[in-house]
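We did not get these values from a lab; they are worked out from the coordinates using the rules stated. Nothing here was measured: the structure is a model prediction, and the numbers come from that model. As a convention, Cβ positions derive from the backbone with ideal geometry for all residues, glycine included, and neighbour counts pool all protein chains shown.
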Amino acid sequence: MPKVRAPPFSVSARRFNGGVDADRAIAAIAERQHGLITLDQALLAGLTRAGAKHRVGTGRWERLHPGVYRMAGSARTFEQEVLAACRAAGPGATASHRSAATLLGLPGLTPTTELTVVCEHAVRLKGVTVHRSVRLDGADRFWVKRIPVTTPAAP
C-alpha cells in the first residue's frame, strides 16, 4: 500500500518538528498578516519554541512585542505596527482612536503614527497606548486591510 502524505499546512505538520512544512505554513500566515506571525500561530503550524527562538537569533524573525514577530524582509508599515499591537494585546484587541481614524482615512485628519488599541484587559506594550473597554460587538468593530478597527462612533 502506498504511503499517504499529508498535504502541506495540515495539522499533521507538527510531526515535522518545525521543518519545511511548518515554515511554509508560517509564511502563508505572515503573508495575510502584513508580514507578522504570533508565537501561538507558529506553534499551531508545527514549530517548536526552540525553533522560534532560533529564528529570532538568526535574524529571520524580529520580535516586535511579546509573542509577536515580524518576518525578515517584510515591509515595515503602519498597518504592520497596528496589527502587531492588536495581536500582542490579546484576543478582541482592536485598533482605536487616531490609529483607527488613520486606517479609515477619515477626512480632515492628519494621518498619525501613534499606536492605540482598545481591549478588555489591562496590558502594557512598549510604544502603544492601550485603553481598557468592554468587549466590542459587531456594530463597534470591523476590519480594514485585515486589521480589527473600531467604528468612528465606538469608544
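Which label belongs to the value computed from this structure, given these candidates for semi-axes √(5λ) of the Cα gyration tensor in Å: [x] 44, 13, 11; [y] 25, 18, 15; [z] 32, 16, 14?
Structure-derived value, by its label: [z].
With loop defined by DSSP as not H, G, I, E or B, and exposure as at most 15 other Cβ atoms within 10 Å, which is the longest segment of the chain clear of exposed trypsin sites (Lys or Arg not before Pro)?
6-59
Starting from 0.36 nm per residue, how many nanometres of slack lie between Thr110 and Val144 once their C-alpha separation is accounted for?
Stretched fully, the Thr110-Val144 segment lengthens by 10.4 nm.
Rounded to the nearest Å, what's the spacing between the alpha carbon centres of the stretch 112-141 and the stretch 32-107? Just the number, please.
15 Å
Please sort through the DSSP H helices of the chain and keep those with an alpha-carbon extent of at least 20 Å along the long axis and a Kyte-Doolittle average not below 0.5.
Sorted by number, there is nothing, because no helix extends far enough and scores high enough.
With the crude spin-label approximation of a point 7 Å out along Cα→Cβ, what separation in nm comes out for Ala28 versus Asp137?
Each label point lies 7 Å from its Cα, and together they span 3.6 nm.
Counting only other residues whose beta carbon sits under 12 Å from that of Arg49, what net charge do I get with K and R as +1, D and E as -1?
With Lys, Arg at +1 and Asp, Glu at -1, the net is +1.
What does the charge count near Cys119 come to, summing +1 for each Lys or Arg and -1 for each Asp or Glu among other residues with Cβ under 10 Å from its Cβ?
My count for the surroundings of Cys119 gives +1.
With a point put 7 Å past each Cα toward its Cβ, work out how far Ala50 is from Thr151 in nm, to one decimal.
With each label point 7 Å from Cα toward Cβ, the separation is 5.0 nm.
Efficiency by 1/(1 + (r/R0)^6): what FRET value for Arg76 and His121, r their Cβ-Cβ distance, R0 = 30 Å, to the nearest 0.05?
The pair Arg76/His121 has a calculated efficiency of 0.60.
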